[in-house]
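A short write-up of the structure that comes next.
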Amino acid sequence: MRAANASEAIVERIIATHLRPGIANLAPGTAHWSPPERLVEAALRGDGGYGDIRGEPALLAALREEHGREHVMVTPGANQAFVHALLSTCDVGDEVLLWRPYYFSHLVALQLLGLVPVFADCDERGEPTHDLHQCHQQCSLCSPLRVGLPTPGAVRASASRPGGRLRAVVLVSPSNPTGAVCPAELVRELGEACAQAYEHFTYGAAEHASAAELCEAGGGELLLCLRTFSKSYGLAAWRVGHLSYPHQLHDAMLKARDHARSPEIARDCTTRCSRRWDAPPTRTRGGWCSNGWWMCGQALEGLGEAWVATLEPARAMLWEALAPLRGGGGALQPAGAFYYFVRLPGCSSRGARVLGEGGEGGEAAEEERSGLLHASRLADCEAEEEAVRRLAAEHELLTLPGSAFGRPGHLRLSYGRLASAEEAEPIAERLLRAAEALRARWGET
């Protein structure tokens, strides 16, 4: 039974166990804003009939222009788009590469579909992905900002394993849970599937690079590009996502969409809800245009970037509060999304590297290392569970354990629901006290 053996519904367990009145809930990855009132009013005037399984024609036309591709499809959220992509590209027993730390819903989707997850660790040392002697100018692949990013070498190693069945590589940029942003040069080398929920959530000089835009010169036939309206436009409860895909997958994608879908609310209500909204046709640089359809008018134009700017006070305050857990404050601040993913004091950053996995000594030494690694990971899981419990009980802060993302000994917290400095300040004060208490409990990072 795949569902019984799949990873747990971690957010639901943490909320059911620890959430109570007065606790600041930093566990879910949601933003503080809601869709414009005009959009909500238009939704209430929608009809209840069936429509095109790919989505409303006006929206599809706009998305084709946005993606620069012929084949696009609207789905009930990006998680459903991810399932459609897997159903259309993989058979039971095929392997899919996930970068650790990964988004937990992606792992569960693989488990439910009978696919085999293959894990590769993101680079935590900031090493370049190419020969620095061949690079005559500073580029983003040489930058220390590439700490926490995937490495092309791991893809090549996974693809060349004897007997391997690697079918797809999943890239999420900016990352959930770390907020790391893949530079354009790195995106060009990575991925056969690309999930993009946080494309507007970048800060400072960081720029989001779309794999769909960067692979037009030869790589598009291998690329599926997933996006969602949930984060940037406050539409999480509406479950509206979309994906673009190559021509050869069109028939398979239609089958997956028509016969393996979630409840119809997103397809036949959310994506059709306001045909009767009589707004004038609008055409913008991003491609949101047309015929009175709510997503195509000016209701959402520019709001993603404007809303993301409201997160800057919380982003700065919570980062400062985490200084006791950042190894003296020298860590690089993530450039994307609205998460912080921090290592608990005394826990390994990856386990295998700290314990010397891959060293010399033959089979006996390797067996000993494996046992130590397993024991270390168990200890890290116990530590993070205690940390989650103590933060909730003693500091009224709810966070998620890193084991949900494949990295025991870490915590993920989201600042997406903190709308202003006034809201963020008391949370930051609690977080600072909590970070100091954790460091006192387990020692230096």
For region 19-99, rounded, prolate or oblate, judged on the Cα gyration tensor with a ≥ b ≥ c (square roots of eigenvalues), a/c < 1.5 rounded, else prolate if a/b > b/c?
oblate
With each label point set 7 Å from Cα along the Cα-Cβ vector, what nm distance links Cys381 and Leu112?
2.2
At 7 Å along the Cα-to-beta-carbon direction for both Glu305 and Ile15, put a label point, then send me their distance in nm to one decimal.
3.2
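How much length, in nm to one decimal, is gained on full extension between Arg64 and Glu185, taken as 0.36 nm per residue of separation minus their Cα-Cα distance? List each step's numbers first, then the result.
Working: separation 121, 0.36 × 121 = 43.56 nm, distance 2.42 nm.
Contour length minus Cα-Cα distance gives 41.1 nm.
Could you sort 394-401, 409-416 so that the peptide with the highest average Cβ count within 10 Å comes first and the rest follow in order? Please report the intermediate quantities before stating the final value.
Details: 394-401: 21.9, 409-416: 25.0.
Descending mean neighbour count gives 409-416, 394-401.
So how do 337-343, 109-115, 14-20 stack up, highest first, on mean other-Cβ count within 10 Å?
Working: 337-343: 24.7, 109-115: 18.6, 14-20: 14.9.
Order by mean packing, descending: 337-343, 109-115, 14-20.
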Label-to-label distance, nm, for residues given as Ser160 and Tyr50 (7 Å Cα→Cβ offset):
5.0
I'd like the distance between the alpha-carbon centres of region 58-117 and region 418-445, rounded to an integer number of Å.
36
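Read-outs throughout are calculated quantities, based only on the coordinates presented, and are distinct from any laboratory measurement. Note that this is a predicted model, so its numbers are computed, not measured. Note: ideal-geometry Cβ built from the backbone for every residue, glycine included; neighbour counts use all protein chains shown.
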